[in-house]
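The structure appears below as structure tokens.
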Amino acid sequence: MANGNLAGVSNWNNDQAILVEAEQKLLGIALHSPNALPEILSALSQDDFFLGTHKLIFGAICNLNQTGKAVISTTVIDALENEQKLKAAGGVETVTALSETYYGDEALETLIDIVFQKAMGRKFDQTLKEISQLRQSNNDLATVLNTAQNELLKIDLDYKQDEVQSIGTTIKSLVTKLQQLERNPHATTGVPSGFNRLDKITSGFQKGDLVILAARPSMGKTAFALNLAFNAANYKNSSQQPHNSIAIFSIEMPKEQLTQRLVAMMTQIDAVKLRTGQNLTTDDWRKIRKAEDQLQDTKIFIDDTPGLTVQQLQARLHKLKRDSKINFCIVDYLQLISTPGSSGENRQNEIANISRQLKRIARDLEVPIICLSQLSRSVEKREDRRPMMSDLRDSGAIEQDADLIMFLYRESYYERKDKLGNQNLEPNPVQETELIISKHRNGSTGTVKLSFNLEYGKFLDLAN
């Protein structure tokens, strides 16, 4: 089969012979069928072909199509000759022979699938080889693991690329969804927050959305995120069964502290008691046991790896989505996500890159991601300290990437600082809090009034 001669396959094993024959037939279709060509070009790249001659010929076909020229054997031959690649592609005889393999388009999808599957297999094998070589030459296991996770996920995402759909197919899906919503006017289309006014505005957190929850320190970001996780995990669908699974990536706080906060929220037991284990009453223990039983069946998964990279987050969320059907993710918080190898000199660019990658992860895995974020100190210098999007710390790119941006604000927090001048003075344990929706790509904005019990970390809808 040297130089693209189609007469025999004695130099190949059986799998290679089948693949080479599939490539030949596919190129034959490309040279003869203008109607089939777009499907081939959208499904495969030049590197997906096994034979070097086939790579060159398909590359010429791609170039001709991009320039609007006819794709037939003579134009392909001319294009290869102009680039001085005709000899390397097997010569006129090879292109002519490929053209003569055309017997119709009936097997097009099967042929594309054969070539694509084998290409993915080769990419996988090559990636494993490169990872092995990196491991032998690099003693830093963390670097090797990050590289391995990133490269293997690239293959996985390529493998699961969604097909392009016609608008006709999409509208059918939309109409079906609208009919379901009409029959159940109180249903949310996304993961519910458990807060009525917020869910009315958003209809829940939507698949593929990146949601930013930002506030100044001590406003209750982590507490609110825990409320969202608990409410979503315990939301019951029409069959009265919880059906949401939540992943929490807590880079700032260990899982034991998060769980302690969650138990305080559920039981309304003083946090000091839960932290020290002292002065717990019989009723306290009854509440703790009840919370323990409930959390045993609650699908909340916590990863508290310090210094987590966005590649690690992607890999772990991908595994959780596969193994535990995760459909909601919380990251606490954006500015603590690590970027290995960076000098830290341009943190703004690093945060912008992390933000873009989080949005891509949300889209690829079809999971809403709520990412907590810090605000810059500039908000403290204004008379009206309600946050704005320009207060987001480190990166204006967050504004662009996020589908939904929410800020927490408590007027009483600043009144206590300004008027009393003593942060050690006991605050009112229940305080009115504003959840300000400043950006909503697919809906309205506004302010949701909540009550926040500081002692137990519990948020509730504020009664009118």
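The values are calculated or read from the model by the stated rules, or taken from the named source; none is laboratory data. Bear in mind the structure is a predicted one, so any value in this text is a computation, not a measurement. When we count neighbours, we look across all protein chains shown, and the Cβ atoms used for this are built from the backbone with ideal geometry, even at glycine.
Inside the range 212-228, can you point out the residues that are closer than 14 Å to Leu392 by Cα and among the aliphatic types (A, V, I, L, M)?
The answer is Ile212, Leu213, Ala214, Ala215.
Note down all Cβ pairs under 6 Å where the first residue falls in the range 205-218 and is without any contact (Cβ under 8 Å) to a residue 60 or more places away in the chain, the second is in a loop (DSSP other than H, G, I, E, B) and of a type outside the set (Val, Ile, Thr), and they're at least six residues apart or on different chains.
From residues that are without any contact (Cβ under 8 Å) to a residue 60 or more places away in the chain, there are no pairs.
Considering Val164, Val144, which residue is out of contact with any Phe, Trp or Tyr (no Cβ under 6 Å at 6 or more places or on another chain), under 30 Å from Ser45 (Cβ atoms), outside the structural domain of Ala315 (by TED's automatic domain parsing) and modelled with pLDDT under 70?
Val164
When you scan the range 240-269, how many residues do you find that are at negative phi, assigned to a loop (DSSP other than H, G, I, E, B) and modelled with pLDDT of 85 or more?
Number satisfying all stated conditions: 7.
Assess whether Gln136 counts as being polar (S, T, N, Q), loosely packed, with under 13 Cβ neighbours inside 10 Å and within 30 Å of Thr309 (Cα to Cα).
Yes, satisfied.
Looking at (1) at pLDDT below 90; (2) over 18 Å from the mean Cα position of the chain (by Cα), which is the only condition Asp156 fails?
The number of the failed condition is (2).
Looking at Glu432, is it part of a loop (DSSP other than H, G, I, E, B), modelled with pLDDT of 80 or more and either aliphatic (A, V, I, L, M) or within 24 Å of Phe195 (Cβ to Cβ) (or both)?
no
Just to check your reading of the model, which residue among Leu404, Leu450, Leu365, Leu460 is at pLDDT 90 or above and in contact with a His (Cβ under 7 Å, 6 or more places away or on another chain)?
Leu404
The rows are residues; the columns are (1) under 22 Å from the mean Cα position of the chain (by Cα); (2) within 25 Å of Tyr413 (Cβ to Cβ).
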| position | (1), (2) |
| --- | --- |
| Thr176 | no, no |
| Lys200 | no, no |
| Lys221 | yes, yes |
| Ala225 | yes, yes |
| Ala232 | yes, no |
